[in-house]
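The values are calculated or read from the model by the stated rules, or taken from the named source; none is laboratory data. Note that this is a predicted model, so its numbers are computed, not measured. Glycine also receives a Cβ, built like all others from the backbone with ideal geometry; neighbour counts cover every protein chain displayed. The protein model used for the area step is the full one, side chains on, heavy atoms only, and it has no ligands, DNA or RNA in it. Shrake-Rupley method; radii C 1.70, N 1.55, O 1.52, S 1.80 Å.
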Amino acid sequence: MHYESYFSGGNVLPCDGAVFAHVQNPATEALQGCVRECSIENLNAAVRSAVQAQALWAQSSLQDRREVLDRLTAAVQTRSQAIVEGLAVEIGCPVWLGAAMQVPMALKGLAFARAALDDIVWEERIGNGLVERVPVGVIAAITPWNFPLHQIVAKVAGAIAAGCAIVLKPSEFAPGAAWQFIEACQDAALPDGLVNLIWGGAEVGRALTTHPGVDQVSFTGSTAVGRAVMADAAQHLKRVTLELGGKSASVLLPDADLEAAVSTSLRMALANSGQACVSQSRLIVPRTRLAEVEERLSAQLDDWPLGDPVDPATRLGPVANQRQFSRVNAMVDHALQQGARRVAGGAGRAAGFDRGWYCPVTLLSDVLPAMQVAQEEVFGPVLALMPYDTVEQALEFANSTRYGLSGAIWSKDAEQAATFARQMVTGQVIVNGAPQNLATPFGGRRDSGLGRENGRFGVEECLTYRSLHGVD
Ligand code: NAD
């Protein structure tokens with residue numbers, strides 16, 4: 001599929017720029033399609049249409065917003081299967097995971113933004129002052145490729161509920177999910193210009209971030225690019241929301257139920273081939289139980305065979321592209337050079353595959369906090385085991401990176417688990433494998449970002465205050 005059109009003012013229009021990205025099927029390396037860049041004129045048109053839509057949508061009633069979100073939900077749902085199939089051939093996400101996570105997370109995002117309309121305190125009286133919560137304006141949404149639909153919807157649902165128009169610049173590595181979403185917007189007959197989409201890489205992203213018609217930038221992606229986006233936005237004093245990388249730890253306290261903890265931690269490290277910002281890529285283990293944990297992990301690797309993402313039986317696919325494949329290999333090699341001990345896997349293409357970006361599941365043990373693999377995001381199926389001697393040291397290890405996005409704690413003593421969780425410097429902690437609640441705020445601390453998404457918190461991120469003095 002070739003992506004050669006952008007979406008502006010409710011119209012599908014041809015992109016004026018050159019082809020700037022090719023999408024390869026990560027399982028077969030076959031060319032899947034290409035993406036044509038938007039020119040500055042195309043970008044200006046998309047922002048202009050968002051500015052026009054903004055003036056009207058800011059006046060919409062809560063009921064108008066509910067109805068739009070309902071129509072959008074129904075339209076995304078109708079396209080579920082096509083989205084899942086597209087994710088398999090564009091980023092190698094197994095169809096079961098697409099159906100179990102990628103699409104349901106997006107649908108929940110829409111549902112929770114809709115529900116938030118009833119929970120937000122839209123106005124408040126303070127003496128003679130009336131404090132109103134009003135839309136911040138036009139939002140630029142810049143998104144990555146790993147959960148491409150969910151990341152788009154997290155931004156768009158919050159913005160629509162808040163009364164904001166959007167210009168979306170999705171990742172060029174996963175154009176299919178973004179375009180399916182735009183087709184869903186058309187099916188749902190969204191007001192013209194409420195959602196617009198442009199294609200481009202860093203240059204177009206920068207032009208969008210710095211565009212005078214944009215009031216706020218909502219970015220999800222790597223920490224390095226997030227820093228650049230914030231610096232660009234600062235030149236124009238635009239508000240930013242940054243959802244960035246992570247190096248999350250799952251901590252097993254000495255009394256943890258290993259059966260549950262090991263299988264869940266492995267799943268949280270491997271889902272989407274480790275290409276999740278919340279991936280629990282570090283497992284912090286009592287030294288006295290390290291051998292047992294390694295044995296249990298090794299025994300469970302049979303449950304994670306690599307396979308073709310389009311096969312419904314496949315649990316684990318290739319990583320999304322060649323860039324990712326090279327990065328994972330280089331980081332595994334470097335970890336071994338730095339003294340990590342290989343328990344399973346290693347660098348290179350997984351055995352049994354002669355093409356495709358298949359990284360073997362890799363378990364590295366005796367990892368120390370100073371090693372690169374303990375500090376930097378791998379974004380691949382690689383789990384770093386870090387043995388500790390005391391619970392104080394476990395906490396020190398958990399908090400020993402610049403990131404702070406997610407994490408997990410395991411202990412049979414619920415109170416001890418909660419006490420430990422409260423000391424982890426991170427945006428969310430999953431206690432004893434509890435289900436994640438997408439209505440709660442999601443976002444990071446330190447290098448994992450600024451601001452929050454999901455549910456009421458994602459909508460509030462798109463609101464500002466207006467104080468009226470002397471109005472009844
Ligand atoms: P990336 O930072 O390379 O790109 C993200 C987006 O930014 C893309 O659309 C890209 O085209 C655009 N971009 C690149 N340079 C830009 C610039 N100078 N100005 C404006 N836009 C620019 O990230 P990626 O490789 O697509 O995604 C993987 C990263 O995203 C990982 O670090 C992952 O942890 C992170 N991520 C974070 C979350 C979260 O919610 N915290 C969720 C998913 C992914």
Among the residues of region 254-267, is any under 30 Å from VAL51 (Cα atoms), in contact with a strand residue (DSSP E or B) (Cβ under 7 Å, 6 or more places away or on another chain), touching a residue at least 12 places away in the same chain (Cβ under 8 Å) and among the hydroxyl-bearing types (Ser, Thr, Tyr)?
no
The residue from ALA249, ALA261, ALA224, ALA234 that alone is farther than 19 Å from LYS155 by Cα, open to solvent by 20 Å² or more (accessible area, probe 1.4 Å) and away from the ligand (no atom under 12 Å from the Cβ) is ALA234
Within region 207-236, which residues are part of a strand (DSSP E or B) and over 26 Å from GLN275 (Cα atoms)?
GLN216
Go through (1) within 11 Å of the ligand (Cβ to nearest atom); (2) within 20 Å of the chain's Cα centre (by Cα); (3) not basic (Lys, Arg) and name the single condition THR210 misses.
(2)
Within 12 Å of the ligand (Cβ to nearest atom) and part of a strand (DSSP E or B), is that true of VAL204?
no
Give the residue, chosen from LEU405, LEU368, LEU336, LEU395, that is touching a strand residue (DSSP E or B) at 6+ places or on another chain (Cβ under 9 Å), over 13 Å from LEU283 (Cβ atoms) and within 16 Å of the ligand (Cβ to nearest atom).
LEU405
Could you list all residues from region 237-273 that are part of a strand (DSSP E or B) and not acidic (Asp, Glu)?
ARG239, VAL240, THR241, LEU242, ALA249, SER250, VAL251, LEU252
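Considering ALA162, ALA174, ALA189, ALA157, which residue is more than 20 Å from the chain's Cα centre (by Cα), within 30 Å of ALA99 (Cβ to Cβ), open to solvent by less than 10 Å² (accessible area, probe 1.4 Å) and at pLDDT 95 or above?
Working: ALA174 fails: more than 20 Å from the chain's Cα centre (by Cα); ALA189 fails: open to solvent by less than 10 Å² (accessible area, probe 1.4 Å); ALA157 fails: more than 20 Å from the chain's Cα centre (by Cα).
Answer to the check: ALA162.
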Taking the criterion of being assigned by the TED database to the domain that holds MET331 and in a loop (DSSP other than H, G, I, E, B), would at least one residue in region 454-462 satisfy it?
no
Would you mind listing the strands (runs of 3 or more DSSP E) fully within region 108-163 where at least 3 residues are within 15 Å of the ligand (Cβ to nearest atom)?
139-142
